[in-house]
Amino acid sequence: MSGQSTLTRARPRPAAPSGASRRGGPPPRWPPPSWGPAAAEWYGRLSAALRRSRSRRRLTVMLAGYLVLTLLMSWRLVSIQVLQSEEYQSLAARQTHRDIELPARRGRLYARDGEPLAMSLEAATVYANPRVYERNGIDPSFIAATLAPLVDRPLLDVMRALTKDTSFSFVARQLPREVGEQIEALKLPGIQLLSEPRRVYPSDGLAAQTIGFAGVDNQGLAGLEAQYESVLAGKPGRMWLERAPRGLTIDHGSREVEPSVAGTDLVLTLDREIQHATERALADAVAEHGAVGGSAVVVDAESGEVLAMASAPTYDPARIDGSDEYARRNRVVTDVFEPGSVNKVITAAAALEAGLVRPDEVFTVPDTFPVAGKRFKDSSPHETKPMTFAQIMEESSNVGTIQVALRLGEERMYRALRAFGYGERTGLGFPGESAGLLWPTEDWSGTSLPTISIGQGVSATLLQVAQVFGVIANGGEWVEPLLVRGEVGPDGMLRQGETPKRRRVVSRETATQIAAMLSAVVEGERGTGTRAAVPGYRVAGKTGTAQKASTTRRGYEDGAYIASFAGFAPADNPRLVAAVMLDEPDTIYGGVAAAPVFSEIMSFALGHRRIPPSDAAAAARAAEPARAAAPPAAAGDDDG
C-alpha cells in the first residue's frame, strides 16, 4: 500500500433505543421484577389513586374560580342595575339628550301710578355646537369673523366659544331681537338661537339705587331686585332634546318641554314725578355746592310710604360696567352720618315728654358752656342772654340744648333715641341697610350726653332722620316705612301688602309743641331754616351741620362736613316728610346748602299731590319775595 495514505474514518455509534438511559441500555422497569406480582399490583392501584386525586383538585379549583367569577359578575350587575341605576340612567340621558333651561319671565316693578320701572323683554341668545366643526372638518374662524361684529364681541372671544370641547357653548347673550333674526337668516353651521328675557329699565335709570339691577342670568344682585328675588324670579322651565352620540341634535327626535312660570309683579310706593324732581334738585345742589354727593327722601307722613328715595351721583342700571360703587349704593339707607342739630328734635321732645321743660321757659344762655372738662359753644359768639326753650330751638343754640339735656340725663336720653328709631333698622328690609351707631350708656363718657344731644357722637341713616320728623308730623307715632305697596295677582289686581307697624313715641301734645317750635325755625326772624320755606304752605323743620367722621382714624375729617335739613309740610296738617343731606359741600351750613333743596323738592311734591295750602295769612307770609330770598340768619347756622 505504498503511495497511498490510509484515512481512519470514525464510525457513528448506533442510536440508543427510545427510553434507554443516557449511560446506555434500556431504562429500568418500575416496579422491578423482583417485587413480584403482589407489589406490582399495589403500586398500580396507588398510581391510579394519585391520578384521580389530582383530577379532583383541578376540578375543585376550577369550580371555585367559576363561583368567584359568577359572584363578582352578579354583584356588578346588582350594583349597576339597582344600587347605581339612577347614576347610569342620568349618564345615559346626558349622552343622548340635551337639557336646556328655559328662563322664567322676571316680575315687573311698577311705580305707584302703574308705569314700569323695571321689566323684562325677549332677547336673542346665540349659542354654538363646536363639535359640528370637528366632525365635519369645518374651520370655525370664518364663522367667528362673521359673528363678532354682529354680537359686538372681540373676535378672539367668539373664537374661544366656537372651539370649546363641548356640544353647547354660549357665543353672546341677551342681544336685541333684530340682531338675532339677522344671525338666524345667515344659517351658519353649528349656530343656533334661544329666546331669553333681558332686564330693562324704561325710565332711564330713575330710582336706580332703590330698584337695583339684575345680572345676565336674570338674578337680582342689588336693591329691590335682590331683596325680592324669590318673588320676582319665577320658576325656570326645561326643554329636553334627543341628540346623537357626538352631540348633534336630531331634528325629528323626541322633545319634551316643561314651561316656565313667570315671576310676580310688584307695585312700589315710589311716585315717578316726585322721584324725578328729587333727583334733579339733588343733582343740581351737588354741582352747585361742589359736594361729593347727596341724598334725599320723601315720605307720606300718615302711611309711611316712601314717595322718593334718591342719591347723587347715580348710575344706569342697564349699564353697570364701569359704574362707581358709591354711585350704585342707596345711601339713604346704607350710609350713616352724624346728624348734627337735626338731632335736637329728639332732645327737645324727650324733655317736654318728661315734663322737665316748657316751651316758654326762660334759660340763661352764655356763649360757651363747660361740661366734663370740654367747653361747648354756639355757632356764633354772643353775650349771655335769656332765651326761651322755643327760641333755643329756633336759633339752634348748642349751649341751650345742652342745658336741657343735662336735666334729661343719660338714661332718658338713650331711651328717647331708641324710641325714635336710632340704633335699629327701620324695618324696610332693604339690602345693606344700616342700623346706625348708638352706644349703650355704659360706654358713654362724661361728654357723651351733651355731644349726643346736639347730634354728634351718634350716627343714623337719612331715612332714620326722616322717621324722627315723621313721628312729630304723625302726632307722636312712629310708622314703619314702606317701599312696596303690594303684589299683582293673576287677575291683574293689586294685593295689598302687610299693614305697617306703628308705635307711640311721644304724646300728641308733645308732638304739637315740637311742631310749633320747628315752624319757627323756618318762619321765625332768627330761624336757621328760612330758606326751606315753601310759598303758600307752613313748613316745620330743622337744620343740621355736623363734622364728618373719619373712616381711617379716630375723630373727624379735617374741614369735611355734612349739611342737612329735615322737616314736614303743611306744618298745621302734616302730609309729607322730607330729609336732605349733602356730603362735603363747599357751603357747609345746612340752612344754606340743604334747606333750599328741601324747599324745591317739597314745593313740587305738595303741588303734585294736590295738597291744599295753609291758611291765607300763612300763604301770604310765605309768598313774600323778601322771605323767599331770605339771607342766612344773623345768628349764623347751627354747629353740630
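Annotations for the structure displayed:
- In region 405-415, the residue that is nearest to the chain's Cα centre (by Cα) out of those that are open to solvent by less than 60 Å² (accessible area, probe 1.4 Å) and either closer than 22 Å to Phe469 by Cα or of a type in the set (Ser, Thr, Tyr) (or both) is Tyr414.
- The condition (being open to solvent by less than 60 Å² (accessible area, probe 1.4 Å), over 30 Å from Trp240 (Cα atoms) and modelled with pLDDT of 70 or more) is satisfied by just one residue among Ser85, Ser53, Ser21: Ser53.
- One residue from Val357, Val342 being aliphatic (A, V, I, L, M), out of contact with any Leu (no Cβ under 8 Å at 6 or more places or on another chain) and outside any helix (DSSP H, G or I): Val357
- Residue match in region 302-314 (condition: free of Cβ contacts under 8 Å to residues at least 12 places away in the same chain, open to solvent by less than 40 Å² (accessible area, probe 1.4 Å) and either aliphatic (A, V, I, L, M) or out of contact with any Cys (no Cβ under 9 Å at 6 or more places or on another chain) (or both)): no
- Region 604-620 residues that are modelled with pLDDT of 90 or more, paired with ones that are open to solvent by 70 Å² or more (accessible area, probe 1.4 Å) and among the acidic types (Asp, Glu) (beta carbon under 8 Å, 6 or more apart): Phe604/Glu273; His608/Glu273
- Within region 480-501, the set of residues being in contact (Cβ under 8 Å) with a residue 40 or more places away in the chain and either acidic (Asp, Glu) or within 15 Å of Glu302 (Cα to Cα) (or both) comprises Glu480, Pro481, Leu482, Leu483, Arg485, Glu487, Pro500, Lys501.
- Residue that is nearest to the chain's Cα centre (by Cα), among those in region 482-512 that are part of a helix (DSSP H, G or I) and surrounded by 20 or more Cβ atoms within 10 Å (Cβ to Cβ): Ala511
- Odd one out for Ala579 among (1) out of contact with any Asp or Glu (no Cβ under 6 Å at 6 or more places or on another chain); (2) farther than 14 Å from Gly470 by Cα: (2)
- Filter result for Ile346 (touching a helix residue (DSSP H, G or I) at 6+ places or on another chain (Cβ under 6 Å) and either touching a residue at least 12 places away in the same chain (Cβ under 8 Å) or open to solvent by 50 Å² or more (accessible area, probe 1.4 Å) (or both)): yes
- The sole residue among Leu175, Leu155 that is touching a strand residue (DSSP E or B) at 6+ places or on another chain (Cβ under 9 Å), on the phi < 0 side of the Ramachandran plot and either open to solvent by less than 40 Å² (accessible area, probe 1.4 Å) or at pLDDT 85 or above (or both) is Leu175.
- Residue match in region 416-435 (condition: basic (Lys, Arg), surrounded by fewer than 22 Cβ atoms within 10 Å (Cβ to Cβ), modelled with pLDDT of 95 or more and closer than 30 Å to Ala226 by Cβ): yes
- Consider region 317-339 and keep the residues that are in a loop (DSSP other than H, G, I, E, B) and acidic (Asp, Glu). The one that is nearest to Ala214 (Cα to Cα) is Asp321.
- None of Ile402, Ile392 is of a type outside the set (Phe, Trp, Tyr), open to solvent by less than 30 Å² (accessible area, probe 1.4 Å), in contact with a Lys or Arg (Cβ under 9 Å, 6 or more places away or on another chain) and within 29 Å of Glu477 (Cβ to Cβ) except Ile392.
- Within region 400-414, at least one residue is part of a helix (DSSP H, G or I), in contact (Cβ under 8 Å) with a residue 60 or more places away in the chain and basic (Lys, Arg).
- You will find that of Arg135, Arg106, the residue that is among the basic types (Lys, Arg) and modelled with pLDDT of 85 or more is Arg106 and no other.
- Residue within region 420-440 that is more than 28 Å from the chain's Cα centre (by Cα), touching a residue at least 24 places away in the same chain (Cβ under 8 Å) and assigned to a helix (DSSP H, G or I) present: no
- Contact map, region 502-527: residues that are farther than 17 Å from Gln391 by Cα paired with residues that are among the acidic types (Asp, Glu), Cβ distance under 6 Å, separation 6+ or inter-chain. Pairs shown: Arg502/Glu477; Arg504/Glu477; Val506/Glu353.
- Of all residues in region 203-219 being out of contact with any Lys or Arg (no Cβ under 8 Å at 6 or more places or on another chain) and at pLDDT 90 or above, the one that is surrounded by the fewest Cβ atoms within 10 Å (Cβ to Cβ): Ile211
- Considering region 533-559, the residues that are aliphatic (A, V, I, L, M), open to solvent by less than 10 Å² (accessible area, probe 1.4 Å) and under 23 Å from Ser453 (Cα atoms) include one that is modelled with the highest pLDDT, namely Ala540.
The values are calculated or read from the model by the stated rules, or taken from the named source; none is laboratory data. Small disclaimer: the values here were computed from a predicted structure and weren't measured. Backbone-built Cβ (ideal geometry, glycine too); neighbour counts: all protein chains shown. Surface accessibility is based on the protein's heavy atoms, side chains included, excluding ligands, DNA and RNA. Shrake-Rupley method; radii C 1.70, N 1.55, O 1.52, S 1.80 Å.
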